[in-house]
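Report on the structure given below.
The values are calculated or read from the model by the stated rules, or taken from the named source; none is laboratory data. This one's a predicted model, so the numbers in the text were calculated from it and none came from an experiment. Heads up, the Cβs are rebuilt from the backbone with ideal geometry, glycines too, and the neighbour counts pull from every protein chain shown.
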Amino acid sequence: MKILITGINGFVGSYLREHLLQQKQKVFGTSRSYSDKFVFNTDLMDKQNLKEIIISLKPDIIFHLAAQSSVKKSWEDKYKTFQTNFFATLTLLETIKELELSTRVVTIGSAEEYGITNGSPVTEDSFMNPINPYGLSKMAVGYLVKQFFSAYQLNVVHIRAFPHIGPGQNSTFVTQDFSKQIALIERGEQEARINVGNIDVIRDFTDVRDVVKAYWIVAMNGRAGEIYNVSSGEGISLKDILKILVGYSKKSITVNVDPQKFRPADIPILIGSNHKLKALGWEKEIPIEKTLLDILDQYRSKLE
Ligand code: A2R
């Protein structure tokens, strides 16, 4: 099959590409800053260019990963967040509709769509209460997908991805930030004190290598018009994440809580039910301890 990944050079795009190549699929992608035989250079806001790419490729599946993916940046530039996340998705779905294609489109949303929860694992039908512009933009994408399915029978599914981690992620992400600081401390380049934000929050983490397997399973087996959580189903506090990471180091490390690192609004606990995903045949394979060690080892061998 011919598969197009928008945002192929991003953190998840690179892992998804590898997984699809292992499945012997023909993989293509889009990027704003890079092009080669398999990667088209385009901004997704450029409808004409996007149309030409889709006409020339006629992909069987599109994984729509391209996004403004940072919650922090979504506060700093709300318009750009909505342009990239919502309007670019609208452009993509309109193009598929205009061309009358049966292409399966998988849009990637976020746990941030749920926002404040009562602490129990949220199901795909749970109340939505996003508390930042990023979550709101992704929630709108989920509703757009549902509307394009019910109004035009587009072959679309929406995924609500809970936090996913692994080597290669942007160093502003919390597990990367902790790991990088530990690696710096081990090299003697930082005082043996790790600076953290709010570590009381509880999150549901999955290894990115398990996440891309879930995306493939949803693309193949998910029902059009449906929403699927991609989550481990279990919560862990950032305090416990930190404990595991610090436990991998021989150095004696203290923790400094820095209010400057707190977000303007934070969700205390966010865990996703994964029953619907598991019913499609997915299982989490990589334990969090391995993921965290892989991230730390990445910084131990190479500091940006
Ligand atoms: O264009 P590039 O190569 O700079 O790639 C960025 C791409 N992107 C865009 N592509 C086309 N038109 C745009 N207007 C546009 N804006 C951004 O999306 C970037 O590398 C890619 C997203 O990659 P990351 O920021 O690394 O996100 P990640 O962690 O791979 O997340 C994938 C998806 C996103 O939809 C997240 O919101 C969701 O999973 O969690």
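Results, tabulated for the structure shown:
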quantity: Selection count where residues are of a type in the set (A, V, I, L, M), in contact (Cβ under 8 Å) with a residue 40 or more places away in the chain and away from the ligand (no atom under 13 Å from the Cβ), scope the stretch 1-38; calculated: 3
quantity: Filter result for the condition that a residue is surrounded by fewer than 23 Cβ atoms within 10 Å (Cβ to Cβ), under 21 Å from the mean Cα position of the chain (by Cα) and closer than 23 Å to Leu93 by Cα, over Ala224, Ala161; calculated: Ala224
quantity: Val105 at pLDDT 95 or above and closer than 20 Å to Gly10 by Cβ; calculated: yes
quantity: Residue selected from the stretch 143-183 under the condition among the small types (Gly, Ala, Ser) and within 14 Å of the ligand (Cβ to nearest atom), by the criterion nearest to Leu293 (Cα to Cα); calculated: Gly166
quantity: Residues satisfying the stated conditions in the stretch 55-77, i.e. buried (at least 16 other Cβ atoms within 10 Å of the Cβ) and more than 14 Å from the ligand (Cβ to nearest atom); calculated: Leu57, Pro59, Asp60, Ile61
quantity: Residue among Thr84, Thr89 that is closer than 16 Å to Ala151 by Cβ, surrounded by 16 or more Cβ atoms within 10 Å (Cβ to Cβ) and within 11 Å of the ligand (Cβ to nearest atom); calculated: Thr89
quantity: Residue match in the stretch 209-222 (condition: at pLDDT below 95 and assigned to a loop (DSSP other than H, G, I, E, B)); calculated: no
